[in-house]
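Engineer: One structure follows; several queries about it will come next.
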Amino acid sequence: MRDALISECAKEEENALYTSTNFFIWLRVLKGLRAALWVGGVAGSILAASHIVRGADDGKIFMAAFALAGVLLPGIGKAIKIDSAIRDFAEGATKFKNLQGEFRRARLVRSHKAVTDFEEEARKLFKAMNDARKPSLTPPEWCFKIAQRKIKAGHYDHDAGGIPPKPTGDAP
């Protein structure tokens with residue numbers, strides 16, 4: 001029983017690692033897209049205004065395009081609800097990252113408790129994991145592929161496991 005629970009905690013720890021990493025990658029993309037939409041809108045407005053101030057008759061088509069960009073780009077961000085997507089993915093990424101740590105602690109530390117106590121704690125974590133999955137957030141597949149590559153390359157391996165004991169005595 002204990003070994004099966006430890007194994008399940010390890011699997012859920014890995015699931016949480018992949019999901020949180022996937023979400024953090026997609027979150028960076030969403031934040032960049034939001035910034036591009038706003039910067040594009042501001043730039044379009046500035047360029048349109050500069051043509052108007054100059055009184056350039058030859059740039060009417062550009063002036064119209066820049067003015068349109070100034071109005072449309074921020075509106076596109078609102079229409080696709082990018083702010084709420086950023087909020088939802090940030091919340092989800094944090095939940096999964098926290099669950100990853102909790103499953104690791106359950107596997108390494110709490111598994112040494114009495115089996116019934118360990119099982120009770122594991123059940124709470126499994127429920128929390130199921131609750132974290134309820135929003136069904138789905139970043140694009142390519143985000144998962146990047147996350148998978150980064151994890152397999154060791155980007156998220158802890159250095160803590162290799163900390164040597166503190167020196168004693170006359171060690172330099």
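The values are calculated or read from the model by the stated rules, or taken from the named source; none is laboratory data. Quick caveat, the model's predicted, so the values are computed rather than measured. A quick note on method: Cβ atoms are made from the backbone with ideal geometry, for glycine too, and the neighbour counts reach across all protein chains shown. Please note that ligands, DNA and RNA were not included when accessible areas were found on the heavy atoms of the full protein model with its side chains. Shrake-Rupley method; radii C 1.70, N 1.55, O 1.52, S 1.80 Å.
Engineer: Note down all Cβ pairs under 8 Å where the first residue falls in region 97-113 and is farther than 16 Å from ARG123 by Cα and touching a residue at least 40 places away in the same chain (Cβ under 8 Å), the second is assigned to a helix (DSSP H, G or I) and of a type in the set (Ser, Thr, Tyr), and they're at least six residues apart or on different chains.
Structural biologist: Pairs that qualify, where the first residue is farther than 16 Å from ARG123 by Cα and touching a residue at least 40 places away in the same chain (Cβ under 8 Å) and the partner is assigned to a helix (DSSP H, G or I) and of a type in the set (Ser, Thr, Tyr), are LYS97/SER20.
Engineer: Between PRO135, PRO74, which is in contact with a helix residue (DSSP H, G or I) (Cβ under 7 Å, 6 or more places away or on another chain) and either under 16 Å from VAL29 (Cα atoms) or outside any helix (DSSP H, G or I) (or both)?
Structural biologist: PRO135
Engineer: Which is over 23 Å from the mean Cα position of the chain (by Cα) and assigned to a helix (DSSP H, G or I), of ALA85, ALA65?
Structural biologist: ALA65
Results for (1) under 22 Å from ILE6 (Cβ atoms); (2) modelled with pLDDT under 95; (3) open to solvent by less than 50 Å² (accessible area, probe 1.4 Å); (4) among the basic types (Lys, Arg), shown as yes or no for each residue.
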position: GLY77; (1), (2), (3), (4): no, yes, yes, no
position: ALA90; (1), (2), (3), (4): no, no, yes, no
position: ASP159; (1), (2), (3), (4): no, yes, no, no
position: LYS166; (1), (2), (3), (4): no, yes, no, yes
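Engineer: Here's a follow-up. Restrict the check to region 95-104 and report whether at least one residue is open to solvent by 100 Å² or more (accessible area, probe 1.4 Å), closer than 18 Å to LYS11 by Cα and basic (Lys, Arg).
Structural biologist: No, there is no match, as no residue in region 95-104 is open to solvent by 100 Å² or more (accessible area, probe 1.4 Å), closer than 18 Å to LYS11 by Cα and basic (Lys, Arg).
Engineer: Test PHE66 against the stated conditions and say whether it is at pLDDT 90 or above and buried (at least 19 other Cβ atoms within 10 Å of the Cβ).
Structural biologist: Taking the combined requirement at face value, the residue does not satisfy it.
Engineer: In this structure, is GLY59 modelled with pLDDT of 80 or more and either polar (S, T, N, Q) or open to solvent by less than 40 Å² (accessible area, probe 1.4 Å) (or both)?
Structural biologist: Here the answer is no, as GLY59 does not meet what is asked.
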